[in-house]
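FYI, it's all coordinate maths here, none of it is from the lab. Everything numeric in this text was worked out from a predicted model, so none of it was measured. Here the Cβ positions follow ideal geometry from the backbone for every residue, glycine too, while neighbour counts run over all protein chains shown.
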Amino acid sequence: MAIDINALRARVARFKDLKSSSEAFVDTRIPEYNREIYNVIGRGVTEDAGLKPAIDDNRDFNLTIMKSDPGKGSSLHDHQTIEVFLPLTGRWAIGLGDDGEHEIILEPFDIFSVPPGVMRSVRNAGTEPGFIVAILGGTDPGQVRWSKHINEKAKVLGLVVNDDGDLVHL
């Protein structure tokens, strides 16, 4: 098989060239959920329609990188597909259950696979800004389902999600 090296080079995502969003999800205006999201492969479930992935071809999975300061991360949510977490730096607390009543701590290169429909949150439990990879199964992983009060809090802060799963600024 002949290799088109230029086509393959276009499939390299250089971290230094990635664009991020601090409003990739409806919960990001809530102070404890401030974070940066980098779409690497596919859009995943990102609600910021302007955050384009570095690599569009997301057949069967989507990959994002999240950066957050200590004590910050994502609020409780679930997905229609499996989500895999892989910390690159720091310690990360994965909250589990409808109220986040359970917790698993991950350290660099630990891997945790969360099944569909399980509420989860992700929080930097370390003392320095940290990075964690999130991989969602499926070419189209659907939309995020947020915990009970997140959409209400976000609306007060000027963000809602439309029926297409995209953020709308009020």
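Computed quantities for the displayed model
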item	result
Cross-link pairs beyond the 22 Å C-alpha cut-off, checked among LYS19/LYS148; LYS16/LYS67; LYS72/LYS153; LYS19/LYS67; LYS52/LYS155; LYS52/LYS148	LYS19/LYS148; LYS52/LYS155; LYS52/LYS148
Cβ-based exposure ranking for ILE55, ILE41, ILE3, in which fewest neighbours within 10 Å come first	ILE3, ILE55, ILE41
Theoretical ellipticity at 222 nm over the chain - DSSP helices of four or more residues, -39500 (n - 2.57) apiece, nearest 500	-1500 deg cm²/dmol
Debye-sum result for the chain in log10 I(q)/I(0), which assumes one identical scatterer on each alpha carbon, at q = 0.14, 0.16, 0.17, 0.20 Å⁻¹	-0.70, -0.92, -1.04, -1.45
Centre separation in Å (Cα based) which lies between segment 22-47 and segment 98-167	9 Å
Highest to lowest packing among 69-77, 100-108, scored as the average C-beta count within 10 Å	69-77, 100-108
Likely footprinting exposure, ARG120, ARG91, fewest C-beta neighbours within 10 Å first	ARG91, ARG120
Cα convex hull of segment 1-89, projected area averaged across orientations, nm²	7.3 nm²
